[in-house]
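Each remark here refers to the structure printed beneath this line.
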Amino acid sequence: EEQADTMVGAARKEAERIVTEATGEGNALVEQARTDANTLLAEARGDATAIRERAEELRARIEAEVEELHDRARREASEAMQSAGERCDKLVAAATEQLAEAKEKAEKLVSDAGSEASKVRIAAVRKAEGLLKEAEQKKADSIREAERLRAEATAEAQRIVDEGKQELEVLVRRRKDINTEISRVQDVLEALESFESPNAAGGKDGGGVKAAAGAGSTRTSGKQSDN
């Protein structure tokens, strides 16, 4: 009985030590996992915010460039139309002045002037349309590029968050295994304590054998848990 009490006490101390170490290690792992997950989430949010700000800057700059192209196209079209109008006015004035010399020559000059003015107007309109189409195309390309950058930033942030979740799940499963091991050690302790009661012992020899067997199994379990 004294040997059994000694072995039970040693087993209880060993089990308490194992439980304490397992609890401390589990808590440390959980806290580390939480810290790592928070760090990853903070970095992912920071990266996503930086990418979003960069995309907004690109969009603002592109919109400014597109607006500048629109203004330039409008100015060039206005100048071309004004130049064509001034030239037409000069031609008409020259034809009117020469009308006194010869009616036939004046009519011919007026006809030529009208034809040339029409060509100039058509050319100016076509050039303005071409500039407007080019500006619209550049604007569309810029918007597509901004959308692509935003999509890539969102995908990268989601990937970082998913990796953090996976690591957290692994740590949670590990803590569950540790808790299972702790429960098993506690069951062994309860079995050893049951050997101490007078009702559970059949005699000195039988009690000593059972206590020794229980203590041996407890040590084996403790070594396995340490491994």
For region 52-68 the number of residues that are open to solvent by 100 Å² or more (accessible area, probe 1.4 Å) and either closer than 10 Å to SER142 by Cα or polar (S, T, N, Q) (or both) is 2
Filtering region 119-142 down to residues that are loosely packed, with under 15 Cβ neighbours inside 10 Å and either touching a residue at least 60 places away in the same chain (Cβ under 8 Å) or among the hydroxyl-bearing types (Ser, Thr, Tyr) (or both) yields GLU134, LYS138
Checklist entry - Do we find that ALA48 is in a helix (DSSP H, G or I) and open to solvent by less than 50 Å² (accessible area, probe 1.4 Å) in this structure? => result yes
message = I'd like to check something: does region 56-63 contain any residue that is in a helix (DSSP H, G or I) and touching a Ser or Thr at 6+ places or on another chain (Cβ under 7 Å)?
response = yes
Only unsatisfied item for LYS13, checking (1) open to solvent by 100 Å² or more (accessible area, probe 1.4 Å); (2) out of contact with any Lys or Arg (no Cβ under 8 Å at 6 or more places or on another chain); (3) within 30 Å of GLU134 (Cα to Cα), is (3)
Considering region 143-157, residues that are exposed (fewer than 12 other Cβ atoms within 10 Å of the Cβ) and not charged (D, E, K, R), and then whichever is nearest to THR35 (Cα to Cα), we arrive at ALA155
Checked against (1) under 27 Å from GLU67 (Cα atoms); (2) open to solvent by 100 Å² or more (accessible area, probe 1.4 Å); (3) not hydroxyl-bearing (Ser, Thr, Tyr), ARG87 satisfies every condition except (1)
Per the list (1) farther than 30 Å from ALA44 by Cα; (2) modelled with pLDDT of 85 or more; (3) among the polar types (S, T, N, Q), residue check on SER197 breaks on (2)
Note on ILE178: of the conditions (1) open to solvent by less than 60 Å² (accessible area, probe 1.4 Å); (2) modelled with pLDDT under 85; (3) touching a helix residue (DSSP H, G or I) at 6+ places or on another chain (Cβ under 7 Å), unmet is (2)
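The values are calculated or read from the model by the stated rules, or taken from the named source; none is laboratory data. These numbers come from a predicted model, not from an experiment. Note that each Cβ is placed from the backbone with ideal geometry, even for glycine, and that neighbours are counted across all protein chains shown. When the accessible area is computed, the model is the full protein with side chains, heavy atoms only, and any ligands, DNA or RNA have been set aside. Shrake-Rupley method; radii C 1.70, N 1.55, O 1.52, S 1.80 Å.
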